[in-house]
Amino acid sequence: MQFDTTRKGLSLRAAKLLHLLIKEAGSKAVDDVEHRVPVAALNTSMHLTLDEFISTVKELMFVQLGLRALNERTGLPELYFDPLIHSVSRTDSEEDSAMVGYRLSNTLRRVMKDSVHWAILSRQAVMAFESRYALRLYELVSLRINLTRSTEKFSIDSLREKLGVPAGKLMKWDAFNRKALGPAIAEVNQLSGFTVSALPYKSGRSVAGVTLTWGIAPTPERVKVQRELESSRVGRAVRRDQGSDKVVDLLSMPPQNGETSYFPRQGSIIYSKWAEVARNSLPQQDRPDVDLVAERFRDFCSRKAILLSSSKIETIFTSFCKSWRPED
């Protein structure tokens with residue numbers, strides 16, 4: 001998908017409407033026909049007023065879909081471009097009896113023709129996502145879930161583009177991780193039936209990209225996902241945070257060498273060995289609260305892409321404490 005640089009990318013509402021229109025078209029989504037569906041059928045999943053519907057459709061029409069494929073006649077590779085949707089009509093009424101007519105673009109239909117991607121996507125999960133980054137990550141993983149491999153490396157720029165991060169936003173790794181990728185992984189793991197984890201890799205001293213790993217969740221976890229989808233949205237974010245220990249922390253991967261002493265990714269360190277390390281290393285005058293130091297240290301590691309499970313994490317934490325300044 002290619003976006004007008006003056007726009008913010010595809011909103012969550014527009015992405016959900018696109019999914020609904022494709023699902024309502026069903027097996028005829030690949031046919032060059034006008035699809036017609038009652039507004040009532042759409043309103044069971046997301047209720048849009050007439051004005052909201054019009055603005056959302058306009059947003060979809062501003063998005064260009066690019067495809068590189070072989071020309072069926074010449075056998076040569078060609079580039080194809082189309083809007084997502086060619087035309088839309090709707091009865092000028094707020095009533096559920098109103099009808100929506102629409103044509104999917106030639107390029108979109110070609111993308112769908114030989115792909116099981118849209119069949120894999122769960123309508124219930126799509127409608128439950130609260131973040132457009134989570135929905136885009138879900139789409140990315142579902143495209144790859146049937147591959148023989150289950151990992152792939154992405155550069156930061158490539159992954160930002162695939163998640164639909166607006167141009168010029170979240171340019172630094174720590175901001176991208178904290179506001180887009182990390183929360184998207186947590187939401188996909190909570191609502192999709194897939195398991196997704198990530199690990200950053202560096203080029204020199206900077207984060208160059210991320211290795212994504214994905215799979216289908218075991219049956220007990222998929223049962224929990226279904227229960228979550230069928231339950232109220234109220235409290236869902238809290239439940240997601242409470243279950244975050246099952247989400248792979250991008251910057252705190254479990255130790256690979258059997259070592260269990262790594263810096264805790266959340267919570268207090270007062271009753272741990274890390275408090276003693278901090279007290280022995282921090283300036284004795286105006287010594288700060290050790291939990292404040294722990295939070296600042298986690299932020300520091302995030303910015304520098306340092307794993308909290310690094311074999312050198314105690315040395316790094318000690319040095320961090322020794323260099324503490326009151327203005328920190």
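The one condition from (1) touching an Asp or Glu at 6+ places or on another chain (Cβ under 7 Å); (2) within 19 Å of SER142 (Cβ to Cβ) that ARG240 does not meet is (2). On inspection, PRO254 fails the criterion of being assigned to a loop (DSSP other than H, G, I, E, B) and either at pLDDT 75 or above or among the hydrophobic types (A, V, I, L, M, F, W, C) (or both).
Matching residues to (1) closer than 23 Å to ARG178 by Cβ; (2) in contact (Cβ under 8 Å) with a residue 12 or more places away in the chain:
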residue: GLY267; (1), (2): yes, no
residue: LYS273; (1), (2): no, yes
residue: SER281; (1), (2): no, yes
residue: LEU292; (1), (2): yes, no
residue: CYS301; (1), (2): yes, yes
residue: LYS304; (1), (2): yes, yes
residue: THR315; (1), (2): no, no
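The criterion of at least 3 residues that are open to solvent by 20 Å² or more (accessible area, probe 1.4 Å) is met, among strands (runs of 3 or more DSSP E) falling completely within segment 12-107, by 64-70, 77-83, 85-90.
This table checks each residue for (1) of a type in the set (D, E, K, R); (2) surrounded by fewer than 21 Cβ atoms within 10 Å (Cβ to Cβ); (3) farther than 30 Å from HIS47 by Cβ; (4) under 15 Å from the mean Cα position of the chain (by Cα).
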residue	(1), (2), (3), (4)
TRP118	no, yes, no, no
ALA167	no, yes, yes, no
ASN177	no, no, yes, yes
LEU191	no, no, no, yes
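Within segment 92-107, residues that are more than 15 Å from LEU20 (Cβ to Cβ) and among the charged types (D, E, K, R) have Cβ atoms under 8 Å from residues that are modelled with pLDDT of 90 or more and open to solvent by 80 Å² or more (accessible area, probe 1.4 Å) in these pairs: ARG103/ASP32; ARG103/GLU34, counting only partners at least 6 apart in sequence or on another chain.
Here is a yes/no grid of residues against (1) of a type in the set (Asp, Glu); (2) surrounded by 12 or more Cβ atoms within 10 Å (Cβ to Cβ):
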{"site": "TYR271", "(1), (2)": "no, no"}
{"site": "ARG279", "(1), (2)": "no, yes"}
{"site": "ARG287", "(1), (2)": "no, yes"}
{"site": "PHE297", "(1), (2)": "no, yes"}
{"site": "LYS304", "(1), (2)": "no, yes"}
{"site": "LEU307", "(1), (2)": "no, yes"}
{"site": "GLU314", "(1), (2)": "yes, yes"}
{"site": "ARG325", "(1), (2)": "no, no"}
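The values are calculated or read from the model by the stated rules, or taken from the named source; none is laboratory data. Keep in mind it's a predicted model, so treat the numbers as computed, not measured. Note: ideal-geometry Cβ built from the backbone for every residue, glycine included; neighbour counts use all protein chains shown. SASA here: full protein model, heavy atoms, side chains in, ligands and nucleic acids out. Shrake-Rupley method; radii C 1.70, N 1.55, O 1.52, S 1.80 Å.
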